[in-house]
Amino acid sequence: MQKTVLLVDDDRDIVELLKLFLEKEGLRIMEAFNGAEAWECIRRGNIDLAVLDIMMPGLDGVQLLQLLRAEHKLPVILLSAKNQDSDKILGLYLGADDYIAKPFNPLEVVARIQAILRRTYEYGEPASPAPRREEQTLIGELILDHRDCVLYKGGVEIGLTAIEYKVLSALMGAPGRIFTKKQLFEQAWSDHYYEDANTIMVHISRLRDKIEDSPKQPVYIRTIRGLGYKFAKKEDLR
């Protein structure tokens with residue numbers, strides 16, 4: 001099925017350039033040139049991935065990302081002329097799935113979009129049937145529903161991005177096992193580890209904010225100094 005990508009940038013030349021490259025890959029493109037137009041496109045639905053420029057007049061990319069994450073789970077790539085680590089970390093913390101600094105190679109943007117679409121929507125059929133998986137994982141107050149990719153804590157639904165779900169699914173699927181940052185990255189992105197450690201640290205921090213009663217004293221996601229992270233076993237929570 002053809003996937004739809006929303007391109008949002010107040011620079012029309014950038015939108016047209018990316019549109020040209022993406023349409024050659026068989027993707028359907030929607031365009032918006034400010035945050036308000038983009039929000040209307042998102043609310044109408046039928047978008048599979050959004051590419052958002054951070055620096056836009058009015059409703060900027062960060063504000064739009066916050067609005068989007070309050071209601072939607074579709075993957076998001078941020079574009080920005082800023083190339084500081086703080087901007088990248090902020091974007092990831094607020095729910096972006098990737099961050100690309102301007103100026104960029106359009107072929108790299110296309111490759112990252114295709115990779116995220118594959119990871120999120122699992123293109124293609126497996127060569128052999130996958131082993132059956134339980135529909136839910138239950139640990140303490142947490143229930144991770146694998147059918148709908150939804151987390152519940154004490155019966156209350158907690159929104160997760162696609163990357164957060166994959167990280168949490170790996171951790172909860174093997175409680176007590178220590179995962180290195182490299183292993184978690186490759187579980188979540190289905191790719192070789194190429195980012196710095198901050199990427200996983202940001203996603204772990206966001207998950208702790210969502211599931212822990214006291215994120216600074218985590219009960220569920222525990223740091224194993226010098227090694228990585230592990231999820232608490234059921235018996236550890238008693």
Check your understanding: Quick one: helix 12-24 against the long Cα principal axis of the chain, what's the angle to the nearest 10°, folded into 0 to 90?
Key -> 70 degrees
Study note, to complete from the structure: Given the candidates A96, L20, L59, the one whose Cα lies deepest towards the positive end of the charge dipole of the chain, counting +1 at each Lys or Arg C-beta and -1 at each Asp or Glu C-beta, is A96
Point to revise | Loop-exposed GluC sites (Glu not before Pro) per DSSP, neighbour cap 10 Cβ within 10 angstrom, longest uninterrupted part of the chain | key: 1-121
Review point. Once every DSSP H run of n ≥ 4 in the chain is given -39500 (n - 2.57) and the sum is divided by its residues, what mean residue ellipticity at 222 nm do you get, rounded to the nearest 500 deg cm²/dmol?
Key: -12000 deg cm²/dmol
Study note, to complete from the structure: Once phi for every residue in segment 169-174 is put through the Karplus expression 6.51 cos²θ - 1.76 cosθ + 1.60 (θ = phi - 60°), the whole-Hz ³J(HN,Hα) values, with Gly and Pro written as x, are 4, 5, 5, 6, x, 9
Study note, to complete from the structure: Projected onto the charge dipole of the chain (unit charges on the beta-carbon of Lys, Arg, Asp and Glu, signs +1, +1, -1, -1), the Cα from A111, S169, I158 with the largest positive-side position is that of S169
Revision key, fill the gap. Summed over the other residues with a beta carbon less than 9 angstrom from that of I139, with K and R at +1 and D and E at -1, the charge totals +1
Check your understanding: Normalised by the residues of the chain, what does the relative contact order come to in percent, with Cα pairs under 8 Å and at least six apart?
Key -> 13 percent
Revision key, fill the gap. Going residue by residue through segment 65-73, the Karplus relation 6.51 cos²θ - 1.76 cosθ + 1.60 with θ = phi - 60° gives ³J(HN,Hα) values, rounded to whole Hz and with x marking Gly or Pro, of 4, 5, 4, 4, 5, 5, 10, 10, 10
**Study point:** Rounded to whole Hz, the Karplus (6.51, -1.76, 1.60) HN-Hα couplings of segment 89-99, x for glycine and proline
**Key:** 5, 4, x, 5, 4, 7, x, 6, 8, 7, 9
Practice item. State to the nearest 20 debye the size of the charge dipole of the chain about its Cα centre, where the only charges are +1 on K and R beta carbons and -1 on D and E beta carbons. Key: 1020 debye
Practice item. List, in the order given, every pair from K102/K166; K166/K234; K3/K210; K153/K181; K181/K230; K73/K210 whose Cα-Cα distance in the structure shown is over 22 Å. Key: K102/K166; K3/K210; K153/K181
Check your understanding: If you take every DSSP beta bridge whose two residues both sit in the chain, what share of them, in percent to the nearest 5, is antiparallel?
Key -> 50 percent
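Just so you know, all these numbers are worked out from the coordinates, no wet-lab data involved. What you see is a predicted model, and the numbers here were worked out from it, not measured in a lab. Quick reminder, even Gly has a Cβ in these numbers, built from the backbone with ideal geometry, and neighbours come from all protein chains shown.
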